[in-house]
Amino acid sequence: MKIDLHVHCSERSSCAVSDADSQIRAAIEMGLDALAFTDHFRLVPPDELIALNERFAPFRVYSGIEITADKEDWLVFGIQDPKIERRLWTYPDLWNFVRERQGVMILAHPFRWEPLIHVDLATYPPDGVEFRSHNTPAEREEEIIRLACQYGLGLFQNSDSHHVRMIGQFYNDLPGRPDSESSLLESLRALKALTPCAEKQRR
């Protein structure tokens, strides 16, 4: 399944230009099978998520969230607890919150703002890292892959789309076709199990 795991919409992210329907239609036009809305500190309301999946079936829409903690941005999946929408997170607290609820977290666009990672990945490893996106520095790609190898992280590529023109260039090929939030987490973990170093050798 071709899925973009990092998409924003104007309904919930003030920095986004395109609304949810437009982002979904753009993804369908570009040949994707699914996307996840990961708005800043905002979950997709459950009734809206159901309506979007009914309206655009068989295309799949999932709910994630983007959280800023300790100067890094994190894509989180599998958490529907509204407590995650609060803004004053430290990374260790966020990591424990997600782990206690068996969610998945991905470091988004590392090195976007500064030439270093601000958190302790050895003590608090996420599930993956975004090694390609519109906001991930292309010149740091090899370094990001090395980080993934060092800490056992999955490699993900997403659009970080705020506008329909950004959809389609970056996406992930997930095993299977997850039909629920829980099965999406299983597919994300399966993708994580693919050795990043082996991925580097194939490229």
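Bear in mind these aren't lab numbers, they're just calculated from the coordinates by the rules spelled out. Quantities reported herein were computed from a predicted structural model and do not represent experimental measurements. Don't worry about glycine lacking a Cβ; one is built from the backbone with ideal geometry, like all the others, and counts go over all protein chains shown.
In the stretch 2-202, the DSSP beta bridges split such that about 50 percent are antiparallel, to the nearest 5. Positive-end ranking of ILE65, CYS9, GLN157 along the dipole of the chain, with charges on Cβ about the Cα centre, is headed by GLN157.
Our summary gives the stretch 2-202 a relative contact order of 22 percent, counting only alpha carbon pairs under 8 angstrom and 6 or more residues apart. Note on the chain: helix-only mean residue ellipticity at 222 nm, from DSSP H runs of 4+ residues weighted -39500 (n - 2.57) and normalised by residue number, equals -9000 deg cm²/dmol. The lysine pair tally for the chain, using Cα distances under 26 Å and a gap of 8 or more places or different chains, is 5.
Beyond 21 Å, what share of the Cα-Cα pairs of the chain is found? Please give it as a whole percent. Roughly 48 percent, once rounded to a whole number.
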